[in-house]
Amino acid sequence: MIEIGAHVDLSHPPDRVWLALTDRELLGRWFAEADMVEGVPDRLLLHTAGLPGFDADVEVEVTERRVPELLSLRCDEAGRLTELTCAVTATKQGSRLTVREVPTHGSWSEEQHEPREQQLRQALTVRLPAILDWRAFQQVDLRRGEAGMTTELPVIGASGPARARRRRRATVAGLAGAVLVAGLVAWLTLPGESEPAAAPRPSPSPATPVPSMAGAAPTAQPKVTPSARPSRSVTPTTARPSRTPSAKPSSTPTAAVPPPPPALVARYDTDSSRLFGYTGEVVVDNPGSAPAEQWVVVVTLAEGSSVDDVEGADWRRDGQSVTFSGLAVPAGGSRTIRFDVRDSRPKAREPEGCTVGGNPCAGL
């Protein structure tokens with residue numbers, strides 16, 4: 001027996017997750033659109049035809065419901081019968097959703113099993129969290145008018161002697177403050193003391209001339225001005241011809257430098273989009289005649305975005321930049337990178353930038 005199962009940890013309470021499982025409008029946003037079957041209660045028709053791993057629409061009937069913990073369904077997909085169980089468990093961070101589908105009549109082929117399970121994992125880990133975030137934001141926004149922006153804290157009143165003591169302390173503190181203020185005002189209004197007049201400085205006496213040894217009147221000594229040092233002029237000498245014979249040209253041919261390999265090129269494309277996210281794809285082409293061993297693709301995301309479910313490359317994230325690298329790109333071949341982006345912008349369809357080896361990718 002082949003079964004399909006997946007689980008996801010969500011930062012949302014169980015009642016919000018339960019609403020996303022049972023509300024037809026929300027279910028259509030993260031998994032598949034649903035219609036009621038006329039005349040039959042607790043029965044829906046999921047429009048899954050065309051989704052990866054599905055051959056036709058699925059008719060589901062609720063067999064067990066425990067709000068908000070368990071939802072069991074009996075599914076009929078063109079004669080193939082399965083039982084689908086959705087279990088919601090509360091956690092410290094929010095809740096955990098576990099989905100398990102087991103065939104009871106018929107089975108899936110190997111070509112159906114893998115894409116069907118991948119479709120379920122992508123819906124649970126990418127689209128469902130985005131819808132829950134949107135629902136949480138909507139609920140907060142709708143409740144903004146119910147109360148003020150702040151809430152006054154209750155004041156607990158004192159009684160008996162404690163209240164009297166507090167009143168006395170407040171009175172004493174008030175009197176002390178009044179006295180302090182009055183003293184400060186009086187000090188500020190007092191006239192300032194006059195500063196003593198400064199004694200006049202003695203005027204400088206003229207310099208007494210130094211008498212000469214002969215008793216004659218002193219004469220002013222001339223000021224010695226240093227003369228500029230004469231510059232040395234260099235007379236160029238006539239260069240003597242060299243008698244050393246010039247070197248003979250080398251007969252050894254110079255090795256030819258091979259031209260650098262052509263740079264890798266890349267193009268970006270949005271494979272699919274949804275509310276608060278999209279699936280991006282980057283194809284790296286090698287037009288050269290030798291494999292490209294080292295290559296780097298850098299995708300710049302919008303602020304507040306995250307990346308998940310990367311296929312075709314190794315990756316690491318540093319802030320808004322996601323760096324991809326991997327196996328060598330064969331000569332004349334290409335490598336394809338696929339990744340899911342959870343974007344905080346409702347209608348985001350592509351990243352802010354993409355480069356390969358520092359050169360911009362086509363398609364952006």
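Give the residues of region 31-69 whose amide nitrogen is closer than 12 Å to a point set 7 Å from the Cα of E83 in the direction of its Cβ. Only 63-64 fall inside the zone, counting backbone N under 12 Å. Estimate the FRET efficiency between Q320 and Q138 by the formula 1/(1 + (r/R0)^6), using the beta-carbon distance for r and 25 Å for R0, to the nearest 0.05. It comes out at approximately 0.40.
Quick one: if the Förster radius is 41 Å, what FRET efficiency do V310 and R43 give, using the C-beta to C-beta distance and rounding to 0.05? With a Förster radius of 41 Å, E is 0.60. Using heavy atoms of the protein chains and a probe of 1.4 Å, the accessible area assigned to T300 is about 40 Å². Applying a DSSP loop filter and a limit of 14 other Cβ atoms within 10 Å to the GluC sites (Glu not before Pro) in region 271-342 leaves E293, E303.
Using a 1.4 angstrom probe, figure out how much accessible area region 280-364 has per residue, in square angstrom, rounded to the nearest whole.
Per-residue accessible area for region 280-364 comes out at 52 Å².
The residues packed around R100, meaning those with a beta-carbon under 15 Å from its beta-carbon, carry a net charge of -2 if Lys and Arg are +1 and Asp and Glu are -1. Counting only Cα atoms, region 8-141 measures 43, 35, 23 Å along its principal axes, largest extent leading.
Computed from Cα atoms alone, the Kirkwood hydrodynamic radius reported for region 254-356 is 14.5 Å.
Note on E25 and Q93: the model spin-label points, each 7 Å out from Cα along the C-beta direction, lie 3.0 nm apart.
Modelled this way, with points 7 Å down the Cα-to-C-beta line, the labels at R74 and R349 are 4.4 nm from one another.
Taking the three principal axes of the alpha carbon atoms in region 1-48, the coordinate ranges are 36, 33, 18 Å, sorted in descending order. I2 contributes an accessible area of around 80 Å² to the protein surface, as traced by a 1.4 Å probe with all chains present. In this simple spin-label model, placing a label point 7 Å from the Cα along the Cα-to-Cβ direction at both N359 and H105 gives a separation of 6.0 nm. Ligands, DNA and RNA excluded, the heavy atoms of W315 present near 110 Å² of accessible surface to a 1.4 Å solvent probe.
The values are calculated or read from the model by the stated rules, or taken from the named source; none is laboratory data. The structure presented is a predicted model; accordingly, all values stated were derived computationally and were not measured. For neighbour counting, all protein chains shown are included, and Cβ atoms are generated from backbone atoms with ideal geometry for every residue, glycine included. Only protein heavy atoms, including side chains, enter the accessible area calculation; ligands, DNA and RNA are left aside. Shrake-Rupley method; radii C 1.70, N 1.55, O 1.52, S 1.80 Å.
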